[in-house]
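**Q** Have a look at the structure that comes next, please.
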Amino acid sequence: MNYILNVTTFILKGSIITFELYFATALFSVILGVLGALGKISGFKWLKTILGFYTWVFRGTPLLLQLFFAYYGLPVIGITLKPFTAAVLTFILNYGAYLTEIFRAGIESIDKGQYEAARVLGMNYRQTMFRIIIPQTVKRVLPPTSNEAINLVKDSALVAAIGMGDLLRAAKQIVTRDFNITPFIIAAIFYLVISSVIVKVFNKLEEKYSVYE
């Protein structure tokens, strides 16, 4: 019992990095995704081209390769980042690209009649987007966004590749030291608990926004 308690405590210390990376990525990638989606449906052709290239690159290449590029590749051109900074920047850009396309598709799925009705009511573009379109879009993008939120929990383990001591690496260190698989089981339970909490949160959000159906 003491062994399990000690292992759990050690893994929890490693999970601090996992949680910090998760919340930073979740916050800023959503902001980036919303701005990117609005940019892609705007009338600015040059902006749509830039955003199209951005999403093409970050959705079309492996996250691990992007992480290696940020941490090991950028120093070649004189830009050196700390491991956590490299990880956060990479994860935000990667998940921001996916969320950009998810939010764009959600916005474009709203019937054009909604825009016309808002115009009849005298609303400008900003009012139309934030009072009419965005609330309906949120309901439609919650399921795919939930999937990305769960994937982020699992992808956070990739930071071990650049020497960061996350939840999984902490478990691996104990397994290597003690030749005992218990730490892996404990780590798996942590991941399952975190994923279950995320699912519950998104289920509650879906119930809240069901009024816009």
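We did not get these values from a lab; they are worked out from the coordinates using the rules stated. Small disclaimer: the values here were computed from a predicted structure and weren't measured. All Cβ positions, even for glycine, are placed from backbone atoms using ideal geometry, and neighbour counts span all protein chains on display.
**Q** Using a Debye calculation, one point per C-alpha and no hydration shell, please list log10 I(q)/I(0) for segment 39-132 at q = 0.17, 0.20 Å⁻¹ in order.
**A** Taken in order of the listed q values, log10 I(q)/I(0) reads -0.83, -0.98.
**Q** May I ask you to work out the translational diffusion coefficient for the chain at 10 °C, viscosity 1.306 mPa s, via Stokes-Einstein with Rh from the Kirkwood sum over Cα pairs, reported in whole µm²/s?
**A** Approximately 82 µm²/s, per Stokes-Einstein.
**Q** Also: Helix hunt in the chain: which complete DSSP H runs extend at least 27 Å axially by C-alpha with mean Kyte-Doolittle at least 1.0?
**A** Membrane-span-like by this rule: 2-40, 182-209.
**Q** Same structure again: Tell me the mean residue ellipticity at 222 nm calculated for the chain from its helices only (DSSP H runs of n ≥ 4, each -39500 (n - 2.57), averaged over every residue, nearest 500). If you can, show how the numbers build up before the last one.
**A** Numbers: 8 runs with 158 residues, N = 213.
Taking each H run of at least 4 residues, the total per residue is -25500 deg cm²/dmol.
**Q** Give the average over all directions of the projected area of the C-alpha convex hull of segment 110-196, one decimal, in nm².
**A** 8.1
**Q** Viscosity 1.002 mPa s, temperature 20 °C: what is the translational diffusion coefficient of segment 79-124 from Stokes-Einstein with a Kirkwood Rh over Cα pairs, rounded to a whole number of µm²/s?
**A** For these conditions, the coefficient is 158 µm²/s.
**Q** With charges only on Cβ, +1 for K and R and -1 for D and E, what is the dipole size of segment 14-165 about its Cα centre, in debye, rounded to 20?
**A** Values: 13 positive and 7 negative charges, 88 e Å.
The dipole of segment 14-165 has a size of about 420 debye.
**Q** Now for a separate question. In whole Å, what is the distance between the alpha-carbon centres of segment 155-180 and segment 75-103?
**A** 21
**Q** Same structure again: How do 164, 123 rank when sorted from fewest to most other Cβ atoms within 10 Å of their own Cβ?
**A** Ranking 164, 123 by Cβ neighbours within 10 Å, fewest first, gives 123, 164.
**Q** Evaluate the relative contact order of the chain (contact order divided by residue number), counting alpha-carbon pairs under 8 angstrom at least 6 apart; express in whole percent.
**A** It rounds to 29 percent for the chain.
**Q** Oh, and also: Semi-axes, largest first, in whole Å: what does sqrt of 5 times each Cα gyration tensor eigenvalue give for segment 1-67?
**A** 40, 14, 6
**Q** Which residue, 14, 56, 176, has the largest displacement toward the positive end of the dipole of the chain when charges sit on each Cβ (Lys, Arg +1; Asp, Glu -1)?
**A** The residue sitting farthest along the positive end of the dipole is 56.
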